[in-house]
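So the structure is just underneath, and the comments pick up after that.
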Amino acid sequence: MKKVLFATTALVATAGMAAADVSFGGFGRFGMIYKDADGSDSTTHIEQRFRLTVTGTATSDNGLEFEGRIRFQTDDNAAGASNTAASSAAGFAVSTGGFRLDVGHVSDVIDSGDVLNYYGYGIGLTSFLEQSSNFSLPASGFGTSEDFTTKAPTVKLRYNMGDFSFAVSYTDDAETLSISSAGNSPSTTGGGKSEFQIGAGYSFGNYSVGAAFGSTEDGVAIGEDNDFWVLNFGGDVGAFGFSVLVGDSDDQDGTSYGFSVKYDIGAATEVRFVYSESGDDGDDTDGYGIGFRHGLGGGVTLAGGIGDNGGTTTADLGVVFNF
């Protein structure tokens, strides 16, 4: 993500801060998307998304780097119309050397990519199909919300030491407060759940391997605890890139697996293929698709793809530009 610095210095009220910066970054995309589900009418509409992430950073005199960020995003609805911008809860981080501590509305171990690649090479303009699309493992990240719902706080600690990486996260899902935009009285939902994840990764040459284990504990409902694990192996061999993912949990009968590959057919063009299988007994939910990406220069990419997931065919085409 290219970051344009709008302030290179800032006056601060406390003596410990040496300098502060605010940066804006994100992407925009637009195009067409088609969906045809079994037993339903097909739909075609304009696909659009604009994402803006605002990040504030400061470095103390002893070298500690502090970060805070918030996000704004608009998307299309089923008719292709754009909604008004939704916002996110705030996420914070402090880092030094190989250590990084994230607090607030932040990614857990599986979603963050710190130790493994959970999503792989997505298909299409919208990445409508990924290697983990049919996995039922929890993976929670930094994102926006349109319903004014509060977000459960997460604490994640990451440490990089050479080719090794380690991460651990804990999410305390206290009662979720939902406030209507129409001004209705706030209501609470959920509560009592907590989630723990731990993982490690290792890179060697052009390859990497990673694993994560986690457990979701429900302090309200008896018998609702869920243990889960996931393994990933990926790498590059010349113009060919691959990622393989395997996972399982107490909530599913069988083991989920998926893979994604990409092949560079030129300096600016690549083709991608994805397969994702739920692994549940009696559930034939699998997804497969093929797509392409072509760089137009200046951070602009033409992307598209077609695939089927559980009987729903999806195809899209459009451009995405990063800033």
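The values are calculated or read from the model by the stated rules, or taken from the named source; none is laboratory data. Quick caveat: nothing in here was measured; it's all calculated off a predicted structure. No Cβ is skipped: glycine too gets one built from the backbone with ideal geometry, and neighbour counts run over all protein chains shown.
What the table below lists for this structure:
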| read-out | value |
| --- | --- |
| Qualifying residue in the range 304-317 (condition: in contact with a Ser or Thr (Cβ under 6 Å, 6 or more places away or on another chain) and farther than 15 Å from GLN131 by Cα) | yes |
| Selection count, the range 245-268, where residues are under 21 Å from the mean Cα position of the chain (by Cα) and either closer than 30 Å to GLY297 by Cα or loosely packed, with under 14 Cβ neighbours inside 10 Å (or both) | 4 |
| The range 252-274: number of residues that are of a type in the set (D, E, K, R) and not in a strand (DSSP E or B) | 1 |
| Residue count for the range 94-126, restricted to those that are over 24 Å from LEU137 (Cβ atoms) and of a type in the set (Gly, Ala, Ser) | 3 |
| Residue match in the range 73-83 (condition: buried (at least 16 other Cβ atoms within 10 Å of the Cβ) and in contact (Cβ under 8 Å) with a residue 40 or more places away in the chain) | yes |
| Qualifying residue in the range 172-194 (condition: at pLDDT 95 or above, surrounded by 20 or more Cβ atoms within 10 Å (Cβ to Cβ) and of a type outside the set (A, V, I, L, M)) | no |
| Condition met for ASN134 (modelled with pLDDT under 95 and surrounded by fewer than 18 Cβ atoms within 10 Å (Cβ to Cβ)) | no |
| Unique residue being part of a strand (DSSP E or B), surrounded by fewer than 22 Cβ atoms within 10 Å (Cβ to Cβ) and more than 20 Å from the chain's Cα centre (by Cα) when the list is GLY279, GLY295 | GLY295 |
| Strands (runs of 3 or more DSSP E) completely within the range 4-118 that count 2 or more residues being modelled with pLDDT under 95 and either more than 23 Å from the chain's Cα centre (by Cα) or aliphatic (A, V, I, L, M) (or both) | 4-7, 17-37, 43-60 |
| Test: residue in the range 150-158 that is more than 25 Å from VAL103 (Cα to Cα), at pLDDT below 95 and charged (D, E, K, R) | no |
| Filtered residue count, the range 298-307, keeping only those that are exposed (fewer than 15 other Cβ atoms within 10 Å of the Cβ) and either assigned to a strand (DSSP E or B) or more than 22 Å from the chain's Cα centre (by Cα) (or both) | 2 |
| Checklist (1) of a type in the set (A, V, I, L, M, F, W, C); (2) under 25 Å from ASP76 (Cβ atoms); (3) touching a Leu at 6+ places or on another chain (Cβ under 7 Å) applied to ILE110, failing item | (2) |
